[in-house]
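The values are calculated or read from the model by the stated rules, or taken from the named source; none is laboratory data. Note that the structure is a prediction, hence the values are computed from the model and not measured. Here Cβ is always computed from backbone atoms with ideal geometry, including for glycine, and neighbour counts include all displayed protein chains.
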Protein chains: 2
Amino acid sequence: MLKPAPAHAFNLEGDGKGKHIIILGAGLAGMTCAYELNKLGYQCTILEARHRTGGRCWSIRNGATNQEIDKPAVIAKFDDGLYFNAGPSRIPHHHELTLHYCKELGVPIQVYNNVNEGAYYFAEGKGPLSNKKIRVREIHNDIRGYMTEMLAKSIDHGGLDSAMTKEDGEKIIAYLQAEGGLDIDKLYKASARRGYTESPGAGDRPGKIAEPHKLADILHSGLMDPDFYNVAEYTYELQMTMFQAVGGMDQIARALEKKVAPSVKMGAEVTSINNLAEGVKITYKDATGVHELSGDMCICTLPLPVLSNVNNNFSGDVSRAIDYISYIQTGKIGLQFKRRFWEEDEHIYGGITHTNNDLTQIFYPSYDYLGKKGILIGYYNFNEKAQKIGALGYADREKFALEKGRLIHPQYDKEFEGSFSVSWHKTKYNLGGWAVYSTETRKTQYPVLLKPDKHVYFAGEHLTYLNAWMAGAFESARSTVAALHARVTEGRASYPAVK
Amino acid sequence: MLKPAPAHAFNLEGDGKGKHIIILGAGLAGMTCAYELNKLGYQCTILEARHRTGGRCWSIRNGATNQEIDKPAVIAKFDDGLYFNAGPSRIPHHHELTLHYCKELGVPIQVYNNVNEGAYYFAEGKGPLSNKKIRVREIHNDIRGYMTEMLAKSIDHGGLDSAMTKEDGEKIIAYLQAEGGLDIDKLYKASARRGYTESPGAGDRPGKIAEPHKLADILHSGLMDPDFYNVAEYTYELQMTMFQAVGGMDQIARALEKKVAPSVKMGAEVTSINNLAEGVKITYKDATGVHELSGDMCICTLPLPVLSNVNNNFSGDVSRAIDYISYIQTGKIGLQFKRRFWEEDEHIYGGITHTNNDLTQIFYPSYDYLGKKGILIGYYNFNEKAQKIGALGYADREKFALEKGRLIHPQYDKEFEGSFSVSWHKTKYNLGGWAVYSTETRKTQYPVLLKPDKHVYFAGEHLTYLNAWMAGAFESARSTVAALHARVTEGRASYPAVK
């Protein structure tokens, strides 16, 4: 059993007495720090290089602009009311702080439909099932059927652990029959679970069930390979129920921004961070020139690949940690279509199609069901695949997404209207998706940044075990605020680590 | 691969020329018949015994009234804005006609969160895990782990089908390792998939994973018994994506009612159905007395246990079919709580808790997430369990739901505000949940009612292979309208069966 949930209350005692905290970055971590510090009587300044807040918590809708490091700025052209989440698009039901802030800030949520048995598996150019779009339910049920059949046979032939009784074995076999949909002879045959070739209906229409795929065909088409593993629903973070903010995930950032707006300086790019004997001095540039800002303490939420290029007088250990911790390469493309053909023609409502090609996956929108138009995420890839596609120009990314996507959805040709792609590792002020730790960097580098470097604290998803998740930003912000506030109220000269 | 979806267009040609069709019952089937017949130029009268439309498509909100056959009428007292669906509460994503009518009638839909790994399994009074609430994810992942471990071991020891190569075996073992979360030695150990005893967070909080339950404990506690089988997500109809109408499933009925309102006579209880040489004569009684109504044809959508008690001059075969086709016994109770403790304390957002006791299951609401109050469905049971609980008075049903429910959610004691229960087999004008066919009755009785008895057609979920589903009502309505209209426009004296 899980322990009772920790209280969401964040009732710190004592007063910040107007101490000036300079926060670098108006993403979720930075704004949450300001929001909580303001409640405690601090005076905060948030320096944000962009002309928007939210950082990676960013929904692309008409007029959104992006700047990749080797490309001109681009502006999204989508229909009003349509959007896709370029950054986080899912909230696990156990990410309490994320849901807590949604509630506290009045951001309504709706189900993000991460599990959809009606989406497809598509093995491009591999095996007997090559280039066929196959409903997830067919493969799930076929594999489950064959595996339970094999195991039931093995138990029948005495393959049960010797600690188990004969009666246990019989019960397990009965379970396997139900689990796999096996028949009375413990054989896997076609069942309605995997769907129909003709739907059942009224009158004389009982429906028609197709023959299962052969196990060898599934195996040799790579549909039991890691590309198609059930990570999309087995991982703790990806298990249903999942949520999203109604109207785009950036509604969370916007709600936070409303709370801290007077503290935010937009268009302010940090160029140096200097610890002084007493306090900090931050240099930044904006449209009007270069400025210096002094504060009592600083909370730096800049992504590490960005921070790595900012002048500073950090200790050697801190500088090394900033350079050594790596970030994922990842990208998404939003494709607007003038018709929700995935719903109208193919009955796919939300969820994910998986493929072994460089698209990796297609995300169907979990909002505006039965609506007219829609934006789907045409690829969402990582690492080598993201590097390869991220290296392309915007037009070539679109071309790639359409060429591969139409193998699965030929309707792309007729219905496509426009795209917008984001390659996070190439995006100015991000330069990466999220922190990825090896066992080694988690052990050696991570703890270094949990401690402040004199008057500078570090915060963000990268300083948590919730990398990539908005919950990481919120948890880190709270931990950092608590540590900073303890130091201030206890009048300590020492620098306790962030808990 | 599934065949392309049939078109939703229902473009029948020809004109009904004002022929008068008397429709018995203003449930979804009856109203859909009227709606489609009106489009074709027929004149329809719907006789509805109740003072509301919708039949089983019924959301219980403040002021709802019900009449069970052995009890006084009762009125629901719930807070405004709260409701539960006493009848159908889920729309499978492949029930095209249901979604089609939602779209055509302008009824917005939202995800019904049928799959929730965060809900519980609760084995009352059985085995080592007796009376513990265990997250579904723990049991799912433990069983998956142990079963894949057993199978991997068996394959290692040469237990693979001889048609498979050694390389195939290695690939299957790699699959099983990923599927079950096995370690490098192919053993199932604890993994994050089954959740944490301490959640991961920021700083020095990596989270703590608990030890898995022992397979023998799971087995001996009955958690591999049919009570806990994965029917809630494996069945074709229950696979995600599932939907519900926003604001209550009865919004579908209300939207249909708006279209056919002039045709509906409320409070009109049918007492006899008579085929005449030309047309039909229906007798009904209402508050003002007994009335006769003549029409060219009739579509009878009354549930068969109700129709069985209506005077008629049907053929012997038809009368026999009406009497022989059986209906399920089923009931639900809605419990209003002043706090959504299942969300706030236990992070359960929608989905279903399963138990082996007479509650059978608890449904958490899939709307108003993060809201203040909520109604959950305290039991939803069938057959013997529904018969036993349905036999109780309203107060005793509530007492039962609270006594058993508080074993799982002790918060019941403090937070409960009020209940409303519906036992469908005891509800006047229903007398059953939905048609349940045996192989025998499907073969012998079902086809009889697909043909009209002279001028009387039969329609409803009971005349489909989609029993219990709203889609059955819609599919049957369309099939019946098509058959009736073909007869009229072709001037046929013969009675083709409903297709």
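General remarks:
- Looking across segment B:161-182 at every residue that is small (Gly, Ala, Ser) and touching a residue at least 24 places away in the same chain (Cβ under 8 Å), the one that is nearest to the other protein chains (Cβ to nearest Cβ) is identified as B:181.
- Any chance residue A:143 is crowded, with 22+ Cβ neighbours inside 10 Å, closer than 30 Å to residue A:345 by Cα and more than 25 Å from the chain's Cα centre (by Cα): yes
- Every listed requirement among (1) away from every other protein chain (no Cβ under 14 Å); (2) under 19 Å from the mean Cα position of the chain (by Cα) is met by residue B:15 save one, (2).
- Any chance residue A:309 is without any contact (Cβ under 8 Å) to a residue 40 or more places away in the chain and crowded, with 19+ Cβ neighbours inside 10 Å: no
- As a summary of the residue check, residue A:256 satisfies the conditions (1) away from chain B (no Cβ under 13 Å); (2) surrounded by fewer than 18 Cβ atoms within 10 Å (Cβ to Cβ); (3) hydrophobic (A, V, I, L, M, F, W, C) except for the one numbered (2).
- Test: residue B:172 is crowded, with 19+ Cβ neighbours inside 10 Å, outside any strand (DSSP E or B) and either of a type in the set (Val, Ile, Thr) or outside the structural domain of residue B:143 (by TED's automatic domain parsing) (or both): yes
- Residue count for segment B:324-374, restricted to those that are basic (Lys, Arg) and touching a Lys or Arg at 6+ places or on another chain (Cβ under 6 Å): 2
- Here residue B:439 qualifies as surrounded by fewer than 19 Cβ atoms within 10 Å (Cβ to Cβ), farther than 24 Å from residue B:311 by Cα, of a type in the set (Val, Ile, Thr) and within 14 Å of another protein chain (Cβ to nearest Cβ).
- Residue identified as surrounded by fewer than 24 Cβ atoms within 10 Å (Cβ to Cβ) and modelled with pLDDT of 95 or more among A:420, A:416, A:474, A:458: A:416
- Yes/no for residue A:152 being closer than 30 Å to residue A:91 by Cβ, in contact with a strand residue (DSSP E or B) (Cβ under 9 Å, 6 or more places away or on another chain) and either assigned to a helix (DSSP H, G or I) or more than 7 Å from every other protein chain (Cβ to nearest Cβ) (or both): no
- Within segment B:210-229, restricting attention to residues that are more than 13 Å from residue B:141 (Cα to Cα) and modelled with pLDDT under 95, the residue that is farthest from the chain's Cα centre (by Cα) is B:225.
- Exactly one residue out of B:395, B:401, B:483 is more than 18 Å from the chain's Cα centre (by Cα) and in the same structural domain as residue B:309 (by TED's automatic domain parsing), and it is B:483.
- Filter pass, residue A:379 being outside any helix (DSSP H, G or I), within 12 Å of another protein chain (Cβ to nearest Cβ) and buried (at least 23 other Cβ atoms within 10 Å of the Cβ): no
Condition check ((1) crowded, with 21+ Cβ neighbours inside 10 Å; (2) under 29 Å from residue A:337 (Cβ atoms)) across all residues:
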site	(1), (2)
A:55	yes, yes
A:81	no, yes
A:88	yes, yes
A:97	yes, no
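- Condition check for residue A:185: at the interface with chain B (Cβ under 7 Å from one of its Cβ atoms), surrounded by fewer than 15 Cβ atoms within 10 Å (Cβ to Cβ) and not aromatic (Phe, Trp, Tyr): no
- Of all residues in segment A:93-114, at least one satisfies being within 22 Å of residue A:335 (Cα to Cα), part of a loop (DSSP other than H, G, I, E, B), at the interface with chain B (Cβ under 9 Å from one of its Cβ atoms) and of a type outside the set (Phe, Trp, Tyr).
- Among the residues making up segment B:96-110, those that are out of contact with any Phe, Trp or Tyr (no Cβ under 6 Å at 6 or more places or on another chain) and either within 11 Å of residue B:238 (Cα to Cα) or among the hydrophobic types (A, V, I, L, M, F, W, C) (or both) are B:99, B:102, B:105, B:107.
- Between A:195, A:203, the distinction of being assigned by TED's automatic domain parsing to the domain that holds residue A:179 and in contact with a Leu (Cβ under 6 Å, 6 or more places away or on another chain) belongs to A:203 only.
- Scanning segment A:191-206 for residues that are basic (Lys, Arg) and more than 7 Å from chain B (Cβ to nearest Cβ) yields one hit, A:194.
- Residue in segment B:389-403 that is surrounded by fewer than 22 Cβ atoms within 10 Å (Cβ to Cβ) and within 30 Å of residue A:242 (Cβ to Cβ) present: no
- Scanning segment B:57-95 for residues that are more than 14 Å from the chain's Cα centre (by Cα), within 22 Å of residue B:371 (Cα to Cα) and of a type in the set (S, T, N, Q) yields one hit, B:62.
- Selection from segment A:124-140 of residues that are under 25 Å from the mean Cα position of the chain (by Cα) and under 30 Å from residue B:157 (Cβ atoms): A:140
- In segment A:336-356, the residues that are free of Cβ contacts under 8 Å to residues at least 40 places away in the same chain reach residues that are surrounded by 22 or more Cβ atoms within 10 Å (Cβ to Cβ) and not in a helix (DSSP H, G or I) with C-beta atoms within less than 6 angstrom, at least six apart or across chains, in these pairs: A:340/A:374; A:343/A:349.
- Helices (runs of 4 or more DSSP H) wholly inside segment A:244-335 containing at least 2 residues that are over 26 Å from residue A:446 (Cβ atoms), not assigned by TED's automatic domain parsing to the domain that holds residue A:77 and not acidic (Asp, Glu): A:250-260
- Of everything in segment A:117-136 that is among the basic types (Lys, Arg) and touching a residue at least 60 places away in the same chain (Cβ under 8 Å), the residue that is farthest from the other protein chains (Cβ to nearest Cβ) is A:126.
- Sole residue being under 16 Å from residue A:480 (Cα atoms) and not in a loop (DSSP other than H, G, I, E, B), chosen from A:12, A:37: A:37
- The criterion of being under 29 Å from residue A:92 (Cα atoms), of a type outside the set (Asp, Glu) and surrounded by 24 or more Cβ atoms within 10 Å (Cβ to Cβ) holds for residue B:363.
- Scanning segment B:117-148 for residues that are aliphatic (A, V, I, L, M) and assigned to a strand (DSSP E or B) yields a single hit, B:134.
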